[in-house]
Amino acid sequence: MAAALQTLGGGIGITLHWIAFTPTIEQQATEEQKKKWLKLAQDVAIVGAYAQTEMGHGTFVRGLETTATYDPSTQEFVINSPTLTSTKWWPGGLGKTANHATVMAQLYTRGKCYGPHNFMVQIRSLENHQPCPGVTLGDIGPKMESNGNDNGFARFDHVRIPRENMLMKFARVEADGTYVQPPSSKLAYSNMVYLRGTFVMSAAQALASATTIAVRYSCVRRQSEMKPGEPEPQILEYQTQQYKLFPQLAAAYAFWFASWFMTQQHGSITGSMEKGDMSGLAELHALSAGLKSYTTAVTARGIDVCRMACGGHGYSHASGLPALFGGAAALCTAEGENTVMMLQTARYLVKCFAQSQAGKRLTGTVAYLSAVQPSPVAGNRNMSDLGTLVAAFQHRAARMVRHAAMQMQGEMQKGKAREDAWNSCSVLLIKAAEAHVHSFVVRNFAETVQTVEVDESVRAVLTSLCQLYSLYGITEHAGDFLKDGYLTGRDIDAASSHLSAMLARVRPDAVALVDAFDLHDKILRSVLGRYDGRVYEHLYEWAKKSPLNKSEVHESYYKYLQPFLKSNRAKL
Ligand SMILES: CCCCCCCC/C=C\CCCCCC(=O)SCCNC(=O)CCNC(=O)[C@H](O)C(C)(C)COP(=O)(O)OP(=O)(O)OC[C@H]1O[C@@H](n2cnc3c(N)ncnc32)[C@H](O)[C@@H]1OP(=O)(O)O
Ligand SMILES: Cc1cc2nc3c(=O)[nH]c(=O)nc-3n(C[C@H](O)[C@H](O)[C@H](O)COP(=O)(O)OP(=O)(O)OC[C@H]3O[C@@H](n4cnc5c(N)ncnc54)[C@H](O)[C@@H]3O)c2cc1C
């Protein structure tokens, strides 16, 4: 049943039931509350939405306007939408599908506001699916993509729910209205940290899909003349086509491995948090926010590179690439807008840098910040050595974090308030955080290819892919590496030469590398990326099914074109 609903499409949005609503119950409900709702959700006996974002606020959660006011006389919370902008807006499935929602609202008890907390609210009747009393629901209208999902709106007019409907694993309100503090106010945000972590795998899978489509098609498509009189070559023989696709293919593997690390980190840190150890929460938040932002942005750009590399047929929905792009573009905004998320990572880096300056030894993903030498050590480097490449990315990141942090300190020394200094350095901070995440992805890629249990021939191919990914990053951001002389112009030239060599080395394995993602045609939904390579026959069949081809002469001829032509001819 659940699988059927999963694929129902057509205005039924059950994705968020699985990736947001159900995990919120798992992560924020007490054991008692889980007994009441978790199995219902897991068996799809209820369908839920994660209703946090409002028309007026998505990013600034502390600015949400929906209220949950505790009434001790009835031991109920009153959920209310006080303004137009407090209307819940965007939650997937909220418009027409869900009959429950976890609603993020400002908690008021005894006249005091305790900030955003999650509440379970039934929004539709389980008998006839009509909205519950006091609840107004609807779909927000067509979007760039994912129009099978009914992203909706909801308004609450003093809707009463039992006290026990506040998800109380961390914070709670006693029957008399006493508020009990959570170990950290940010635990109410834990579902967002989890979901951002899963976006890294969504990005990897999306880029894997796009590169599978584009690489396979680039082996089917023959175009132009590489040498006079010779047959038209596969377009994948052009170095420019390899330069477009292979860095995206390498990034798909890099993000796939980064998502393994993210999943492992999330499990281990949330495990410690279950035992009361909150020490890993800040690093988990910074890593998930940065990786989500970086991988989704690179993926969205990369999918469009793949689309363009397929020429005209890439622009057709037959390719599957426009839909992939639309979905990936959503990931750049949803679950924490990318700029805002990267600034969260920057905030953590500035804090760690200050601790390192005060003599603290840093650990985890920021350990390199205290280990990297500030003064560049120029010299002829072996630019094909993975250790050299990883060190270059870490030096670049450390230098940029230091520069941004010192710039901010300088602004404050000139008398600027911290917030103003932050804002006036935020472009530097974003670039430093991106360099940090990029260095993490490179290091993790290198460590994975060196340790993953595969036979040596596969390790050799993965190592070439990791070199290609790293060399591409260095040549694309050469200025960052040259700025303090850590790399020289000769190093960058060497990196470019090695990159060209890697393109040629990866070419023979390109199809095997995309086949290894094992994405079935039913998942790819692409005529260009078909496993059997029979593109042209299926492109023709696909086009013939276009609704416009239902009649030989379309009704618009009789309605518009015929009279228009007639009147123009009459004037001749
Ligand atoms: C092709 C692809 C296929 C798929 C395509 C499908 C299409 C898409 C379909 C489905 C997916 C969509 C699902 C999307 C669902 C949603 O969007 S749900 C809503 C998501 N909303 C957000 O993410 C909101 C983002 N905003 C925030 O998280 C917060 O407002 C903020 C973090 C930006 C700011 O929070 P604030 O409370 O104001 O904190 P600050 O003052 O900035 O920092 C104070 C300290 O708190 C720490 N902190 C902040 N957040 C966390 C956290 N989550 N965990 C731990 N710690 C946190 C922060 O680091 C500060 O610490 P220090 O004081 O020590 O520096
Ligand atoms: C496909 C899709 C599905 C979604 N599903 C859900 C869902 O199921 N449940 C749910 O609750 N929400 C959902 N959302 C909403 C989503 O979480 C928000 O749109 C997202 O968090 C961005 O917030 P916003 O729209 O307020 O953007 P804004 O923050 O208004 O972004 C606008 C601009 O302001 C900038 N900006 C904002 N704050 C800062 C800052 N502090 N510093 C610098 N720049 C800043 C941003 O960088 C951006 O450039 C969904 C959205 C989409 C697109």
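The values are calculated or read from the model by the stated rules, or taken from the named source; none is laboratory data. Just so you know, these numbers come straight off a predicted model, no measurement behind them. Cβ: placed from backbone, ideal geometry, glycine included. Neighbour counts: every protein chain shown. Side chains are part of the model used for accessible areas, which takes the heavy atoms of the whole protein and leaves out ligands, DNA and RNA. Shrake-Rupley method; radii C 1.70, N 1.55, O 1.52, S 1.80 Å.
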Whole Å is fine, so just give me how far the alpha carbon centre of the range 148-185 lies from that of the range 60-97. 9 Å
In the range 438-508, GluC sites (Glu not before Pro) in a DSSP loop with at most 10 other beta-carbon atoms within 10 Å: Glu453
Hand me the chymotrypsin sites (Phe, Trp or Tyr not before Pro) from the range 176-285 located in a DSSP loop with no more than 16 other Cβ atoms within 10 Å, in residue order please. Tyr238
Per the C-alpha gyration tensor (a ≥ b ≥ c, the square roots of its eigenvalues), the chain is rounded if a/c is under 1.5, else prolate if a/b beats b/c, else oblate; here it's oblate
Descending accessible area (1.4 Å probe), largest on the left, turns Met166, Met144, Met412, Met400 into Met144, Met412, Met400, Met166
Full extension between Gln264 and Ile523 adds, at 0.36 nm per residue less the Cα distance, a length in nm of 90.6 nm
Anisotropy class of the range 93-246 from Cα gyration tensor, a/c 1.5 cut: prolate
Count the net charge of all other residues whose Cβ sits under 12 Å from the Cβ of Leu64, scoring Lys and Arg as +1 and Asp and Glu as -1. 0
If you find the alpha carbon centre of the range 300-329 and of the range 409-483, how far apart are they in angstrom? 26 Å
How high is the FRET efficiency between Ala358 and Asn382 when r is their beta carbon distance and R₀ equals 30 Å, given to the nearest 0.05? 0.25
Heavy-atom accessible surface of the chain: percent carbon and sulfur, 1.4 Å: 56 percent
Given 0.36 nm per residue, what is the gain on full extension from Thr475 to Ala512 after removing their alpha carbon distance, in nm? 10.7 nm
Rounded to the nearest 500, what is the 222 nm mean residue ellipticity of the chain from helices alone, with -39500 (n - 2.57) per DSSP H run of 4+ residues and division by all residues? -17000 deg cm²/dmol
Considering only Cα-Cα distances, which of the following residue pairs are longer than 21 Å: Lys96/Lys143; Lys39/Lys292; Lys36/Lys169; Lys96/Lys544; Lys244/Lys544? Lys39/Lys292; Lys96/Lys544; Lys244/Lys544
Between Ser279 and Leu565, 0.36 nm times their residue separation minus their Cα-Cα distance comes to what? 95.5 nm
Once you sort the root eigenvalues of the Cα gyration tensor of the range 303-403 as a ≥ b ≥ c, which label holds: rounded (a/c under 1.5), prolate (a/b larger than b/c) or oblate (the other case)? oblate
In nm, to one decimal, how far is the modelled label at Ser272 from the one at Ser184, with both set 7 Å along Cα→Cβ? 1.0 nm
Calculate, for the chain, the solvent-accessible area per residue in square angstrom, rolling a 1.4 angstrom probe over the heavy atoms of the protein chains. 47 Å²
Assigning unit charges at the beta carbon (Lys, Arg +1; Asp, Glu -1) and nothing else, what dipole magnitude in debye, to the nearest 20, does the chain show about its Cα centre? 980 debye
Filter the trypsin sites (Lys or Arg not before Pro) in the range 535-572 down to the DSSP loop ones having no more than 11 other Cβ atoms within 10 Å, then list what survives. Lys545, Lys571
Quickly work out the Ser73-to-Glu237 label distance, labels modelled 7 Å from Cα along the C-beta direction, and quote it in nm with one decimal. 8.5 nm
